[in-house]
Amino acid sequence: MNQSTKIKEIPKIVIVGHVDHGKSSLIGRLMYDLDQVPDGKYEELKKVSKKRGMEFEFAFLLDALQAERDQGITIDTTQIFFKTKKRNYIFIDAPGHKEFIKNMITGAASADIAILIVDVDEGIKAQTKKHAYILKLLGIKKVITLFNKMDKINYDEGKYLFVKKQLEEYLNKINVEPLNNIPISAKIGDNIVTKSKKIIWYRGDTLTNVLDNYEYSEEKNEHFLRLPVQDIYKFSDKRVIVGRVESGKINIGDELLILPSNEKVKIKSFEEWPKPKKEYYTGECLGLTLSDEIFVDKGNIISHPKNPPKLMNTFEATLFWLVNKRIDLKRKYQLKINTGEYSVNIRKVHKTIDTENLESKANKKLPSKNDVCEVVMHSSQLIPMDDFNTLTKTARFCLLDENEIIAGGIASLQNYPDQKELSNNPNIRPFSFNVTEVDRASRFNHRSGVIWMTGLSGAGKSSIAKETERKLFLKGFNVFILDGDNLRMGLNKGLTFSPEDRTENIRRTAEVAKLFTDAGFIVIVSLISPYRSERKKARDLRPEYFREIYIKASLEECIKRDVKGMYAKAMRSEIKDFTGISSPYEEPISPDLTIETEKEKIEDSVLKLENFITNEFSIKK
């Protein structure tokens, strides 16, 4: 057994399923069969049950709250320690009643192993599917499925196979893999600790043997260090950073990257009483000091420079909405992710998902309680996080409104760019020119400018840019077009349309545009440039020269035009990451000029842009 497998000595198991399908009964029976019920407890509860005139249930062994007995439902998430011959476990008994899904999510989020239980007599219910979908949202892609109450159907293999097929079909649709399908009876004890003598057609293993052979450590990724900072302790001249390793391992002498500051530093020492170790692994808590006095705060994430988290201010997410009040697109919510807290707003709701039939629909009505929805979120601060498909734990978050948890979510970072800045080389110094910008403006009778035209493919950017350039040139302007397609044939050749390459495409174009302004040009940039964040970076290079022009046309109109035949290919999935179809476009919030090409002729659009540039950049004599 390697070191990373040893670290989490006690795997956590979550057991989920519809109310009354036997979760608590299963755990009670398991503890009884493993001889882990306190002396006299079983006999005491049997007497109490008889006195009340009710049949004893093994679930009573877990009912620490009188209210649970009275209501007949589990109302909170309970952790139960138990052990087999091979290892120790913690069972998280997640409630099944729909009113307590919030607790179920809380329990399942920390689980290493998931069990989905179904009453084979009742069959699959809406809550069965909803709980399975929540497991998928939490990154649990493999489950052990139990088909309980086999005694109620007289151990009928045909009925078992029918329900099993239904469940497998649903799990396959949501990309959750059923690792083991075990027919059981929690009441009788079939196939839980010992093999059933009544289910002779079942040739698989018992639940305890399946658990003991489950390789839960395989999900760890030792090459992705994630250490969210929980606190900073100050002892005389020491600043000790404390946290828990959520992924990977950390060693003395490692070079670390601190996010969101993007600073690199080395470990000076580990701090632990009575004696620190030389390395720490996933699941371990530690304190450390750094070689340099840099600012580190709670909520920062420590990683290695290789395979770091992303820094995001806009990202997509899947939310499980937990409250009756609906999403407010104008409201600020508090996002808690890892150990950090951030103010965010939900910018857009893409669609809601029916967890029962898996139908998704474009949002017309904002999601309500227990709905699953896909959204776009925005933060004014940069948030260190991972994509859900890279590292599940550091992609999970919860949303709060006035200290009430209103949603659980997972982040999807595929369609928006990483905001990490590349470090500057300290050995490079800018070159100063003898011919100044004032000299060039006097020569050409106009100031330099960047006319940044953004809009969907087919909106009319290139057509307007070409005719405007011609008219301005005839007027004596020093003007040139930087067109997106031309740039991708040379300077930006080899860049894909992924968020990272789109970001680099915009960065290079902005830098070239800046050089053109240094040369005294008015440069017209014709580029989709779908991200507000990247357009802002382009503006920040020379804000006094930059003008954002929104060439506005609806997606429907652009598809109708389909000048290059690209939309048709994108809708046939022949082109990936196509803006407006499979990749987002963020409209400018406050453009310097909006030209609506659906409402006017191209001649009018050209005249509008020509007059705008002339008024903005001509030197009045």
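Within region 544-574, the residues that satisfy the criterion of being basic (K, R) and more than 23 Å from F617 (Cβ to Cβ) are K560, R561, K564, K569, R572. Taking helices (runs of 4 or more DSSP H) as the structural unit, those lying wholly within region 1-88 and holding at least 1 residues that are modelled with pLDDT of 60 or more and surrounded by fewer than 11 Cβ atoms within 10 Å (Cβ to Cβ) correspond to 41-52.
Across region 302-359, the number of residues qualifying as in contact with a helix residue (DSSP H, G or I) (Cβ under 7 Å, 6 or more places away or on another chain) and either within 17 Å of C398 (Cα to Cα) or surrounded by 14 or more Cβ atoms within 10 Å (Cβ to Cβ) (or both) comes to 9. The set of residues in region 435-454 being among the basic types (K, R) and not in a helix (DSSP H, G or I) consists of R447 alone.
Every residue, every condition in (1) surrounded by fewer than 17 Cβ atoms within 10 Å (Cβ to Cβ); (2) touching a residue at least 60 places away in the same chain (Cβ under 8 Å), yes or no:
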site	(1), (2)
I200	yes, no
T208	no, yes
L211	no, yes
Y214	no, yes
L225	no, yes
V229	no, yes
I232	yes, yes
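Once region 568-597 is narrowed to residues that are of a type in the set (D, E) and loosely packed, with under 14 Cβ neighbours inside 10 Å, the residue that is farthest from Y545 (Cα to Cα) is E574.
Does region 119-141 hold any residues that are under 19 Å from L358 (Cα atoms) and not in a helix (DSSP H, G or I), and which are they? Write out each step before concluding.
Keep residues of region 119-141 that are under 19 Å from L358 (Cα atoms), which gives 123-141.
Once the filter is applied, which keeps residues that are under 19 Å from L358 (Cα atoms) and not in a helix (DSSP H, G or I), region 119-141 yields G123, I124, K125, L138, G139, I140, K141.
Restrict the check to region 273-283 and report whether at least one residue is buried (at least 17 other Cβ atoms within 10 Å of the Cβ), in a strand (DSSP E or B) and out of contact with any His (no Cβ under 8 Å at 6 or more places or on another chain). Checked against the condition, which is being buried (at least 17 other Cβ atoms within 10 Å of the Cβ), in a strand (DSSP E or B) and out of contact with any His (no Cβ under 8 Å at 6 or more places or on another chain), region 273-283 yields at least one hit. Being in a strand (DSSP E or B), hydrophobic (A, V, I, L, M, F, W, C) and under 30 Å from G476 (Cβ atoms), is that true of even one residue in region 592-606? Yes, region 592-606 contains at least one residue that is in a strand (DSSP E or B), hydrophobic (A, V, I, L, M, F, W, C) and under 30 Å from G476 (Cβ atoms). Evaluated against (1) under 19 Å from Q419 (Cβ atoms); (2) not in a helix (DSSP H, G or I), G494 falls short on exactly one condition, (1).
Within region 536-559, the set of residues being more than 15 Å from K599 (Cα to Cα) and in a helix (DSSP H, G or I) comprises K536, K537, A538, R539, D540, L541, I559.
Does Q166 satisfy the condition of being surrounded by 21 or more Cβ atoms within 10 Å (Cβ to Cβ) and either of a type in the set (V, I, T) or part of a helix (DSSP H, G or I) (or both)? First the steps, then the outcome.
On the way: surrounded by 21 or more Cβ atoms within 10 Å (Cβ to Cβ): no; either of a type in the set (V, I, T) or part of a helix (DSSP H, G or I) (or both): yes.
So Q166 does not fit the description; no.
Whether any residue in region 326-337 is touching a Lys or Arg at 6+ places or on another chain (Cβ under 9 Å), within 14 Å of R226 (Cα to Cα), in a strand (DSSP E or B) and in the same structural domain as P384 (by TED's automatic domain parsing) is what I want to check. Outline the logic, then answer.
Taking region 326-337 first, the residues touching a Lys or Arg at 6+ places or on another chain (Cβ under 9 Å) are 326, 329, 337.
Now narrow it down to the ones that are within 14 Å of R226 (Cα to Cα): 337.
With the extra rule that they be in a strand (DSSP E or B), the set shrinks to 337.
From what is left, the residues that are in the same structural domain as P384 (by TED's automatic domain parsing) are 337.
Looking through region 326-337, at least one residue is touching a Lys or Arg at 6+ places or on another chain (Cβ under 9 Å), within 14 Å of R226 (Cα to Cα), in a strand (DSSP E or B) and in the same structural domain as P384 (by TED's automatic domain parsing).
Yes or no, residue by residue, for (1) surrounded by fewer than 22 Cβ atoms within 10 Å (Cβ to Cβ); (2) over 27 Å from the mean Cα position of the chain (by Cα); (3) at positive phi:
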| residue | (1), (2), (3) |
| --- | --- |
| A519 | yes, yes, no |
| S529 | no, no, yes |
| D540 | yes, yes, no |
| F546 | no, yes, no |
| R561 | yes, yes, no |
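Here is a check on your reading of the model: is E586 at pLDDT 90 or above and either at positive phi or within 29 Å of the chain's Cα centre (by Cα) (or both)? Here the answer is yes, as E586 does meet what is asked.
Just for strands (runs of 3 or more DSSP E) wholly inside region 176-264: which have at least 2 residues that are within 22 Å of A111 (Cα to Cα) and polar (S, T, N, Q)?
Values: elements: 177-183, 227-235, 238-244, 249-251, 255-259.
Those strands (runs of 3 or more DSSP E) span 177-183.
For region 142-163, give me each residue that is in a helix (DSSP H, G or I) and out of contact with any helix residue (DSSP H, G or I) (no Cβ under 9 Å at 6 or more places or on another chain). Give the derivation first.
Let us first name the residues in region 142-163 that are in a helix (DSSP H, G or I), namely 150-153, 157-163.
Of everything in region 142-163, those that are in a helix (DSSP H, G or I) and out of contact with any helix residue (DSSP H, G or I) (no Cβ under 9 Å at 6 or more places or on another chain) turn out to be D151, K152, E157, G158, L161, F162, V163.
Just one residue in the set L146, L179 is at pLDDT 95 or above and at negative phi; that residue is L146.
Take the residues in region 275-315 that are farther than 30 Å from M377 by Cα and of a type in the set (F, W, Y); name whichever of them is modelled with the lowest pLDDT. Going through the qualifying residues, I end up with Y281.
Of the listed requirements (1) modelled with pLDDT under 90; (2) surrounded by 15 or more Cβ atoms within 10 Å (Cβ to Cβ), K238 misses just one: (2).
The values are calculated or read from the model by the stated rules, or taken from the named source; none is laboratory data. Just so we're clear, the structure is a prediction, and the values are computed from it rather than from any experiment. Every residue, glycine as well, gets a Cβ built from its backbone with ideal geometry; the counts of neighbours run over all protein chains shown.
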